[in-house]
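Data block below; observations after.
The values are calculated or read from the model by the stated rules, or taken from the named source; none is laboratory data. Keep in mind that what you see is a predicted model, and the values were worked out from it rather than measured. Cβ atoms come from the backbone with ideal geometry, glycine included; neighbour counts cover every protein chain shown.
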Amino acid sequence: MATAKVGIKTGWRATAWGELIAEFLGTFVLISFGDGVVAMAVAALNSSGRAATLTTIFLGPGDWLLIGWGWGLAVAFGVYVAGGVTGAHLNPAVTVAFAVRRGFPWKKVIPYCIAQILGAFAGAALVFANYHDSIKAYEKAAKIVRGDPSGNTTFSIFATFPAPYFNGGWFGPLLDQVIGTAFLVLLILAVVDVLNMAPKGNIGPFIIGLIVVAIGISFGANAGYAINPARDFGPRVFAWFAGWGHNAFPGVDNYFWIPIVGPLIGGVIGAYVYDFLIHDVLVARGATPVPDVEEVGRTAVED
C-alpha cells in the first residue's frame with residue numbers, strides 16, 4: 001500500500017473506515033451520474049424545451065442508448081474514484097462474490113454493503129435536489145401524482161421496475177437479474193484476472209464501464225438492469241421518503257426484493273462459472289501473471 005503523503009495524518013484513513021468512505025464516495029458518484037442521466041431522459045430534456053413536447057420521453061432506441069452509455073460512464077468514474085483503495089466493489093453482489101471466491105474478509109461484507117447503500121441514497125438525493133424543478137414540471141405537464149400508479153414514470157429516475165409483459169410474475173424479472181449480474185461479475189473477474197488478458201495501466205475501470213453498457217443494451221429492457229442491490233435499494237428508500245410511496249415500496253408487483261436477491265445470486269454464479277471454466281484452467285495450464293498488472297478488488301487493509 002502506498003505511503004501517506006508528508007503532512008497528512010493517517011488516523012482513520014489507514015483503517016477499514018478509509019475503505020468504507022471510498023465505497024461510499026465511489027457509489028455516490030456512480031448513482032449521481034447514473035440516476036442523473038435517467039433524470040435527463042425522463043424529466044429534464046423535455047421540461048427544458050429540448051424535446052418535441054413537454055412530455056416527450058423514450059421515443060426510440062436512442063433514448064436507451066443515452067441511458068446505457070450514461071450508466072456505463074457512471075460505473076467507470078465510480079471505479080476510478082474508489083479503485084485505488086478497495087478495488088471499487090460499489091455493489092453488494094460484487095462484494096459477496098469476492099468473499100465467496102476471492103478471499104475478501106466476510107467481516108467486511110456487511111459494512112461494505114451499508115457504505116454502498118448509503119452512497120447510493122446520497123447520490124439519489126443529489127440528483128433529486130438538482131432536478132427537483134424539472135421533475136415537478138414534467139409531473140405537472142403529464143398529470144402525474146407520485147403516490148399513484150402514474151408516479152412510476154418519475155420514480156424510474158431513481159430505481160427499477162419490471163416490464164408489464166411479465167404480468168405481475170416474479171420469476172422472469174428474478175431470472176433477468178440473475179443473468180445480468182452473473183455476466184457482470186464474470187466479466188469483471190475476467191478483466192481483473194492477472195492470469196488472463198487483464199488490461200494494463202488504468203484502463204480497467206473504463207472496460208468495466210463498457211461491461212455495464214453491454215448489459216444495459218443487451219439485457220436492460222426486462223427490469224431496468226439494476227444488477228446491484230445498493231444501486232436499487234438506496235435510491236428506492238430515498239424515493240419513498242420523497243413521496244413516491246407504493247411505487248417505491250413494495251414497488252410495482254411487489255418488486256422491491258428482486259433487485260436485491262437476484263443480483264446476490266447471480267454474482268456468486270458468475271464468479272463460480274468464471275473460476276471453473278477459465279481461471280482454474282489458466283492455473284492448471286501454468287499461466288503466469290500478466291506483467292505490470294496488479295489484480296484489483298481485494299481490500300487494502302485486513303485489520
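Per-structure values
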| read-out | value |
| --- | --- |
| Residue in region 36-43 that is of a type outside the set (Val, Ile, Thr), within 19 Å of residue 234 (Cα to Cα) and either touching a residue at least 24 places away in the same chain (Cβ under 8 Å) or surrounded by fewer than 21 Cβ atoms within 10 Å (Cβ to Cβ) (or both) present | yes |
| So residue 285, is it surrounded by 24 or more Cβ atoms within 10 Å (Cβ to Cβ) and among the basic types (Lys, Arg) | no |
| Candidates 249, 206 - the one that is on the phi < 0 side of the Ramachandran plot and in contact (Cβ under 8 Å) with a residue 60 or more places away in the chain | 206 |
| Some residue of region 24-35 being among the β-branched types (Val, Ile, Thr), at pLDDT below 90 and on the phi < 0 side of the Ramachandran plot | no |
| Hits in region 284-303 (condition: touching a Leu at 6+ places or on another chain (Cβ under 7 Å) and either at pLDDT 95 or above or of a type outside the set (A, V, I, L, M, F, W, C) (or both)) | 289 |
| Residue check, residue 178 farther than 17 Å from residue 236 by Cα, of a type in the set (A, V, I, L, M) and touching a residue at least 24 places away in the same chain (Cβ under 8 Å) | yes |
| Selection within region 44-53 - touching a residue at least 60 places away in the same chain (Cβ under 8 Å), more than 23 Å from residue 120 (Cβ to Cβ) and surrounded by 15 or more Cβ atoms within 10 Å (Cβ to Cβ) | 46, 47 |
| Residue check for residue 151: assigned to a helix (DSSP H, G or I), over 20 Å from residue 97 (Cβ atoms) and touching a Phe, Trp or Tyr at 6+ places or on another chain (Cβ under 8 Å) | yes |
| Tally, over region 123-145, of residues that are part of a loop (DSSP other than H, G, I, E, B) and under 24 Å from residue 28 (Cα atoms) | 0 |
| Qualifying residue in region 111-120 (condition: on the phi < 0 side of the Ramachandran plot, surrounded by fewer than 21 Cβ atoms within 10 Å (Cβ to Cβ) and not hydrophobic (A, V, I, L, M, F, W, C)) | yes |
| Top-ranked residue in region 169-182 [being among the hydrophobic types (A, V, I, L, M, F, W, C) and touching a helix residue (DSSP H, G or I) at 6+ places or on another chain (Cβ under 6 Å); ranked as surrounded by the most Cβ atoms within 10 Å (Cβ to Cβ)] | 182 |
| Failed item in (1) buried (at least 18 other Cβ atoms within 10 Å of the Cβ); (2) over 16 Å from the mean Cα position of the chain (by Cα); (3) in contact (Cβ under 8 Å) with a residue 40 or more places away in the chain, with residue 144 passing the rest | (3) |
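A quick yes/no check of all residues on (1) closer than 20 Å to residue 152 by Cβ; (2) out of contact with any helix residue (DSSP H, G or I) (no Cβ under 9 Å at 6 or more places or on another chain); (3) surrounded by 19 or more Cβ atoms within 10 Å (Cβ to Cβ); (4) of a type in the set (Phe, Trp, Tyr):
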{"site": "237", "(1), (2), (3), (4)": "yes, no, yes, no"}
{"site": "242", "(1), (2), (3), (4)": "yes, no, yes, no"}
{"site": "252", "(1), (2), (3), (4)": "yes, no, yes, no"}
{"site": "261", "(1), (2), (3), (4)": "no, no, no, no"}
{"site": "266", "(1), (2), (3), (4)": "no, no, yes, no"}
{"site": "270", "(1), (2), (3), (4)": "no, no, yes, no"}
